[in-house]
Amino acid sequence: MAVTDHYLTLNIKRSASDEEIKQAFRRLAKKFHPDKNPGREKAAEQRFKKIIAAYKVLGNSKSRYIYDQKLKASRASVKDSRRANLRRKAKNDIAYHCQLILFELLNKNAQSAVEIYENLISRNSDLSLDRYMNNGDTRDCEFLLAEAYHQTGKLAEAARLYEKVLEQEKKKAYFHNFAQEIELMLKDVYLQRMTSAENPEEILANMEKILAMNLSKREAAWIYKKAAEAYYRANDIDNAIRVLRRAFQINPKLTGAKKISKKLGLKIGTPSQNLPPVKEGLKY
């Protein structure tokens with residue numbers, strides 16, 4: 001049986017201090033006292049009794065501690081029951097499979113969610129979550145999967161999902177201002193892929209993706225510098241020299257390039273005028 005959420009009754013966080021609990025009780029008790037609600041006495045009385053019951057539990061440190069353990073166990077039980085129900089239904093229904101993935105993601109079980117998702121993909125290579133979920137659930141699921149892949153270093157999968165999320169955001173806003181944070185996450189994925197790439201083509205591909213994003217000249221110069229370091233590690237010295245010169249052309253005051261400049265035999269501050277862009281059409 002689910003435990004009544006007294007924190008919800010008092011409209012406070014589970015981390016609320018004793019003083020915050022007391023203030024919430026006084027405010028709500030005054031607002032819902034039957035004498036303050038003529039014509040709605042019965043409804044107000046019911047709410048008033050719940051407020052008093054909540055305060056009796058949360059207003060005492062010992063009873064609050066015991067209650068918190070019961071609430072935690074109750075919520076865990078509800079989660080386990082929900083998970084078991086979804087797993088049972090998911091055996092024969094892809095839609096429930098998708099709901100189970102989102103459930104695990106929302107409950108901080110990213111590894112389990114990814115395993116279920118990849119197992120589903122292995123059996124349905126053309127799987128599209130939006131065929132089985134509403135728009136909001138699909139967007140949340142794809143973002144949280146992207147984040148899980150990002151955190152575990154599976155950068156190709158993370159990039160694909162972040163890109164899809166942002167592509168859909170352009171068509172219909174869902175994340176709104178948070179979309180800017182997602183762009184930063186995607187930029188970080190591109191940067192990690194560029195700096196860890198082992199071949200020049202992959203370095204260039206990810207550099208182009210970053211430069212196509214909204215960057216300041218200072219940021220663009222820094223990206224070119226990072227690309228120069230990546231090219232150097234890939235033993236592509238010509239491209240390393242070319243993009244490092246491009247970095248200084250964009251920002252002559254570029255810092256942090258002393259080591260790579262020395263490796264490439266370039267003197268910092270050497271004029272680099274009339275150098276072509278890495279690729280025609282890029283912003284810088």
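Quick notes
- Ala179 small (Gly, Ala, Ser), without any contact (Cβ under 8 Å) to a residue 24 or more places away in the chain and either touching a strand residue (DSSP E or B) at 6+ places or on another chain (Cβ under 7 Å) or not assigned by TED's automatic domain parsing to the domain that holds Ile223 (or both): yes
- A count restricted to the range 8-60 and to residues that are of a type in the set (S, T, N, Q), surrounded by fewer than 14 Cβ atoms within 10 Å (Cβ to Cβ) and closer than 21 Å to Arg75 by Cβ stands at 2.
- Every residue from the range 253-268 that is outside any helix (DSSP H, G or I) and within 35 Å of the chain's Cα centre (by Cα): Lys253, Leu254, Thr255, Gly256, Ala257
The rows are residues; the columns are (1) under 36 Å from the mean Cα position of the chain (by Cα); (2) outside any helix (DSSP H, G or I).
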| residue | (1), (2) |
| --- | --- |
| Thr4 | yes, yes |
| Ile12 | yes, yes |
| Leu28 | yes, no |
| Lys31 | no, no |
| Ala53 | no, no |
| Ser63 | no, no |
| Ala73 | yes, no |
| Tyr96 | yes, no |
| Leu100 | yes, no |
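- There is at least one residue in the range 131-138 that is more than 21 Å from Glu181 (Cα to Cα), free of Cβ contacts under 8 Å to residues at least 40 places away in the same chain, more than 18 Å from the chain's Cα centre (by Cα) and surrounded by fewer than 15 Cβ atoms within 10 Å (Cβ to Cβ).
- Whichever residue in the range 112-130 is in a helix (DSSP H, G or I), free of Cβ contacts under 8 Å to residues at least 12 places away in the same chain and within 23 Å of the chain's Cα centre (by Cα) and, among such residues, is nearest to Ala173 (Cα to Cα): Asp130
- Look at the range 234-249: where a residue is over 17 Å from Glu202 (Cβ atoms) and a partner is among the hydroxyl-bearing types (Ser, Thr, Tyr) and modelled with pLDDT of 95 or more, sitting 6+ places away or on another chain with Cβ atoms under 6 Å, you get Arg246/Tyr224; Ala247/Tyr224.
The values are calculated or read from the model by the stated rules, or taken from the named source; none is laboratory data. The structure displayed is predicted, hence computed values, not measured ones. For neighbour counting, all protein chains shown are included, and Cβ atoms are generated from backbone atoms with ideal geometry for every residue, glycine included.
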